[in-house]
Structures are given as structure tokens and as C-alpha cells.
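What follows is a short report on a single structure.
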There are 2 protein chains.
Amino acid sequence: MTAAANQNGRRATASRRLERAGIRDVAAAAGVSITTVSDALNGKGRLPDETRSRVREVAERLGYRPSAAARTLRTGRSGLIGLTVTTYGEEPFTFTEFAYFAEMARAATSAALGRGYALVVLPASSRHDVWSNIALDGTVVIDPPDQDPLVTELYRSGVPVVSDGKPGNCPVTAWVDNDHEAAVLGILEHLSEAGARRIGLLTGTSTDTYTRLSTEAYLAWCDRVGQEPVYEAYPAHDPAAGAVAADRLLARPDRPDAVYGLFDPNGTDLLAAARRYGLRVPDDLLLVCCSESDVYANTEPPITTLSLKPRRIGTTVVNLLIDAIEGVDAGSGAVPGRLFPPRYRTAGTGPPPGTLMPTELIVRASSQRRCPRTTVSPPRPPGEV
Amino acid sequence: MTAAANQNGRRATASRRLERAGIRDVAAAAGVSITTVSDALNGKGRLPDETRSRVREVAERLGYRPSAAARTLRTGRSGLIGLTVTTYGEEPFTFTEFAYFAEMARAATSAALGRGYALVVLPASSRHDVWSNIALDGTVVIDPPDQDPLVTELYRSGVPVVSDGKPGNCPVTAWVDNDHEAAVLGILEHLSEAGARRIGLLTGTSTDTYTRLSTEAYLAWCDRVGQEPVYEAYPAHDPAAGAVAADRLLARPDRPDAVYGLFDPNGTDLLAAARRYGLRVPDDLLLVCCSESDVYANTEPPITTLSLKPRRIGTTVVNLLIDAIEGVDAGSGAVPGRLFPPRYRTAGTGPPPGTLMPTELIVRASSQRRCPRTTVSPPRPPGEV
DNA sequence: GGACGTCGAAGAACCGTTTCTCCATGAGCA
DNA sequence: TGCTCATGGAGAAACGGTTCTTCGACGTCC
């Protein structure tokens, strides 16, 4: 009691009026020590239920909210996870530009909150300005390019990093990605079966894994089946460039009779380009593009899309990251009382663990030649087209 | 020197191996006190440039990164801003569900980062679980409903709150909103001029300001021009309900010949419903909906949309919030050295300052009767429909 | 020659928790 | 009676910075 009053007395001398109640105030009001308050509120220590509930009640009455900063400083944990996209240039925030990012970020946010963490959206630029002002328990990086300096720096400073997209040449704790190779091959097969003779690709110029792996899979397939590759690459972050590239692709002398577009807007771009050249879809041109947008269910004609299932990815990435964050403490079991785990690194042997997740091809009219009546299928109601 | 070695010695006794360098390590390595290090790195104090640069160089060499948690604890500033949507139910994260939120959040993120702050995405539920674990300098709330308990609690605990959407009955530091009344009136006039005789409204059931003000403006207009209101309301967070409501609206005996839909998906929903009833757009039905999506530029026919200019809103909201956060310190000039400003509140007189921002009506085919040749307009090229 | 101002820097309090350590007290037991 | 042990709780040391205060040394000025 005396001690509590004393501790509080020191503060009372200062001209504090409207300050929030601190743990000391609660302790004084409840007539216990701050240790007891902390234990009672956090469910630790050996306290009879009576004391516990009394302290809780006093804290409630005083509107006590523990200082997140102090807790973070002491425990070394902030409950904050960084989320960043590094690929598409420095300046413009491409978040939500493609439905993929939006969906993925949303799922990641939900998953994090479900486990008591919050997401902080951060820029790709590795300028310390913002990054080092925030205590992060870990970071999710979407599509890191080769040799990403940001990832390297984070890793060096001991922050766990999990990437969406297999990392090219930078060290991450773990990564999650779609099986892009299988996806592209599946699409090429799908188009071949629909009658395509020459399949073109609309791809990007950046070095992220998605672009690279997809393009490589396409080229390998061309090589295998003996088709000359027909593709156009453009900077994916520039929407105007996409339309131009689509146009170029269809203007080529060796015009493809089927096209797969790697990026979300490619579907509408290709559709518009096809119209300009008087090509009917799917009769003259089969179309598939990678997109999470359900816009393509309502275009004329509806366009077959490849979904990367961003929600599953976002959820998985976050869960892996939090596992890593929390797992370290459990893992260093030798010294139970350690406040700070040793630097966060994979064991040092071999590549970081990766998870491949399946994609989903949503087949619509744009990739099926008309008259599917030749196949065995149920008759349609007359009302539909 | 001795002191520095001494301070460091205390730490060296513990078995710290891979720990990050702290300010004490830098001080020891540079042969100065930690005060000097702090001052040198933060550009404060009276130090000759030579010392300053030497300290900086040592810090760089040691890879020193100041602890954000410690800084936050001492200065009372975290550089973190919360961002939350409270309206549409507890569970599902509606972020990015509508293009409006996505755009707004993106602009807000950019604006915050530009001023050295980062955004934390937080759930609407006022459960303390996550909220009180994070040190926030302020919060942006999108569309707070009437009597939002979250906003009230934040306000009580002294965190500045700026809302996107005029707050109904909860105390905020400031707010930003579109002039919804003017927007709705503009649309109704636009439709009337296009020949509409009975204009219907597709609206929501929630109590956020957007829904409320828009609906009230519609009802007031009906009252004024002597039209019987024709509207359907549905829970905006449920996409399936939107399609049903659109259908209901067009199935009514007093079917409107023009409809304005308050929510993003209403355009496609209404278009689909119109098809089901054999209504041609715009011949039999004029259509406008509020949306930020450019999908409506490519529907058949293209649909007139009202844009709320979410980027401008997001930028403004964040700037107002940061002004409030930083302004307090500057304002309490009487005691320059104060660490903690007094509780953040508006002066206590009158409502919080609000800013109204204009909207933009993007007129497309869906809201213009055919044969505008009767009006004075340039002849069209023959290629177009 | 002493008072004084300035420069450069060190000392130490403090921010508000968590948690390790330690101390009473009283019961159980030989 | 003396010892051990469990219980309930207090004390105080961190955590890692920022910043207020102090202090010596050195010119300078009257």
C-alpha cells in the first residue's frame, strides 16, 4: 500500500491531469503491487481467483489499457506483420490494382487478425524511413524480384520473411506459390484440345517468379510440341502498354489462333484487339487469361480464366509466417526463459521450405469452339444463347 | 570511454551473441556517450559535424537500427495509423470488396507513407484483442454507423479519429464526405432530362451516412416533384441479395423506367434483371449506378456511373488526421517541452469540422435515350452503333 | 582578473510494461 | 519443536531509446 502510494506519488508531483491510467494507478486503486496487476490481467502467476477478478474489475473501472509500446519493448513482440509488394516499380501502389493483390491482401489480413496479428501495408522501397520506424514481428512479401535488397535486409536484421511467389535469389524463411508450370501446361493443353494450332502468349517484362516461370513453361512447351513461340512482353504495371501489346500480338504476320494472357486486364485488351481486327472469339481466336475478376463471366463472350486462388495463398502465407514467428520460441526449448530467440534463420542447410498450391481453370465460352453438341452433353434449355 | 565500456560490460555478461546492435554498442564503438549518438543520429543537440558524421558512420558499420518500440514508448508516437471499415457487418472483411474501398485504402496508404506514417488495417469489431495491442497515433474510420462504439472508445482514449463519411452520432476529430445530396439530385435531374418519368432507387438497409443521406435525398426529391418513391433496400454486404433486390425492383407493378443503384454491383445486377424481363437499356430502362469500377465502360451497353473520387477522399482523410496528430504538439506551444499533449479533443464547442468533396458523373449510353440526333450534336462516324 | 557565455558532451531520469527473484506466512509432518 | 513446502504477493531489474540537466573547458569582455 505504502509502496503503491509512493510510486504513484512520484507521478502525482508532475502535472498530469488527463493522462490515461497506467498499471501503477490500477495497482494503487486495487491495493496491490503492479506485479499482481500484470499477472492478474494476463492470467499468469499464482493468484487466487478472488484477487484476479478484483484487479480486473478495478482495471475495467479505471478504463485501463496497457501501453502497447511498453509491452512491445519488453516482450519483443509487436503483433504487427508487414505486407509489401515489391515487383511493379517503386512509386505507384499497385495494391488492389489487380484483383489478385486485393483478394490476397484481404485474406492475409483476415488470417492475421484471426491469430491476433495486424497487417501493416508498407512500400517496396527499402528506404529505412518507414520500415525501421515500425516494430515488425515478420513480413509478407508478394512477388519479390531477384536479389531483392529489401528482403535481404529484413532477413539480415532477423525478421522472418515469407514470400508469396517462389523467391528468385533472396533468402526467405518460407514461401508459397502456385504451380505455375502446371497451370500454363494445363492451359496450353486445354487450348490444343479446343483446336488451337498456334498459341500465343501475352507476358510481362519484369523478373518476378510468376512472369518468369510462366514464360519458361510456355517456351518449353513450344519447344516440345514443335511450335514456334509467338509472344509479346510488356511492363505489366502499365495498363496502357497492355492494350498496345495485345494489339501487336494480333497484328503479327504469324498471328496466333489462341492466346493466353498472364495479367488480369489482358482479357479485355485482347477482346478489344480482336474486335479491331475483325476476329471472332472463340471462332477465330481462343482466349484465356489469368484473372481473379468475375468481370470475365459477363463479357461478350465470357472469357475463360485461370484463378490463382489468392485467398488460399494469402491465408497460407500468413499462417506460415506466424508459425515461424511463434515457433522459434517454442523451438529454442533448451533455455525456456529466454526473452529473445536467436536470430531467425532457417537451419542453414538447403533452400527454404516452399509450398506449391493448385490453380483453377474456369472454362468459359472464349476457349471452346462452338457446336459442342458433337460431344455428349445434356441438352440446354432453349432460353439460353 | 570508461563509462561506455562499463555500460556495455553489463550487457556482455549476459550470453548475448547474435543480438542486434543497440545504441550503447554504437556509443562504445564510437567512444562517445549514448546521448551523443542519439543526438547525432537525430540531428539534434549541439555537435560539431565531425562528431556527427563519425557517429553516423559507426552506426552504419554496425548495422544499427533504433528500436521502434523503445522510441515509441519514449516519444509517445508510433507512426502508425489505423484504418477500419465498420459498416458492413462484423465478420467478412469488406475491404476491396467494392472498388471504392480498395481505391480509397490505396490512396490513404500512399498519402500516409508520404508523410512518414504507415497504415494498419484493423477490424471493425471493437474487441480489444487487437486494437489495444497496437500503439496508434490516430485512426481513419470508413463509414461509421450511428453511435459507433468503436469510435466512441477511441475518442475517449484520446486517439484522434477522422472518418470517411459524415459521422452520425459519434465524436470524431474531423470528417470528410462527398456531397451525397447534391450527387443524388444531379443524377435524378440527369435521368429526368433523359426522359425518365418514374425513377427507382436500389438502396441499402444499413445506417451509414452514405446510404442514409442518399436515400433521404431521393425521398425528398420524390416529394418535391410529386413522384411516388419506388425503391428496394437490401443488406449491401450481401452480393446475392443485391441481385434479388434488383429483380424485385423491376418486377413491381409500378415498374420504374429509370433506376439509380447505390452500390457498385447494382449495375450488372440491374442489367441482368432487365434482360430477364426483356427490358432494353436504355430504351425501356435508364440505368445509373455508383461505382468506381471501369467495368461499366465495357458492359453492353456501357453504364453511366457516379464516381465518389475515393482517391481524393482517402488522401484528404489521411492528411487531416496527420494534421491533427501533429498539430496538437504545435498548438500547445505554451509548454514547448511537453512530451504528451493533453487529450485530443476538439475545443468542445460545436460539431467537428467536416469537408465536403464533389463527385463526378460519368455519363455513358445507359442513361441516354437513343437518337440524340434530335439534339444539336456532331454526326457520328458510321462505324459506331 | 573575474564574470559570463558558448561549445561539446556526459549523466541520469523516464516511458510503462513484463518477469525473475525473493520473502513472508502458515500448514503438514516427523 | 523444527523443517519443508506451497501459497500469495512484493521488489526491482530490465527493455532501448529520448531528453532534461549538468558540467568542464575555453574564450571574451569589461
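Over the stretch A:243-325, give the accessible area per residue in Å² for a 1.4 Å probe, as an integer.
Averaged over the residues of the stretch A:243-325, the accessible area is 34 Å².
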Mean Cβ count within 10 Å, highest first, over the residues of peptides B:49-61, B:255-267, A:61-73, B:143-155
B:255-267, B:143-155, A:61-73, B:49-61
In whole percent, what relative contact order does the stretch A:96-242 give with Cα contacts below 8 Å and a gap of six or more residues?
16 percent
Taking the label point 7 Å from Cα along the Cα-Cβ vector, the copy-to-copy distances for residue B:323, listed from shortest in nm with one decimal, are 4.8
Going 7 Å from Cα along the Cα-Cβ axis for the label, what nanometre distances separate residue B:49 from the same residue across the other copies?
7.0
I'd like the FRET efficiency for residue B:20 and residue B:41, computed as 1/(1 + (r/R0)^6) with the beta carbon distance as r and R0 of 22 Å, rounded to 0.05.
0.90
What FRET efficiency, computed as 1/(1 + (r/R0)^6) with R0 = 41 Å and r the Cβ-Cβ distance, is obtained for residue A:238 and residue B:216, rounded to the nearest 0.05?
0.45
Looking only at other chains, what is the average number of their beta-carbon atoms within 10 angstrom of each beta-carbon in A:64-74?
6
Could the peptides A:318-326, A:36-44, B:295-303 be put in order, highest first, of the mean number of other beta-carbon atoms found within 10 Å of their residues?
A:318-326, B:295-303, A:36-44
Between residue A:50 and residue B:56, what is the spin-label point distance in nm, taking each point 7 Å from the Cα along the Cα→C-beta axis?
6.3 nm
Can you list, shortest first in nanometers, how far residue B:181 lies from the same residue in the other copies, with each label 7 Å from Cα toward Cβ?
6.4
With the crude spin-label approximation of a point 7 Å out along Cα→Cβ, what separation in nm comes out for residue B:205 versus residue A:248?
5.2 nm
Across peptide A:296-309, how many C-beta atoms of other chains are within 10 Å of each residue C-beta, on average?
1
What FRET efficiency do you get for residue B:192 and residue B:147 if R0 is 41 Å and r is their Cβ-Cβ distance, rounded to the nearest 0.05?
0.70
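The values are calculated or read from the model by the stated rules, or taken from the named source; none is laboratory data. All figures in this text were calculated on a predicted structure; none of them were measured in a lab. Using ideal geometry, Cβ is built from the backbone for each residue, glycine included, and neighbour counts are taken over all protein chains shown. Accessible surface areas use protein heavy atoms only, side chains included; no ligands, DNA or RNA. Shrake-Rupley method; radii C 1.70, N 1.55, O 1.52, S 1.80 Å.
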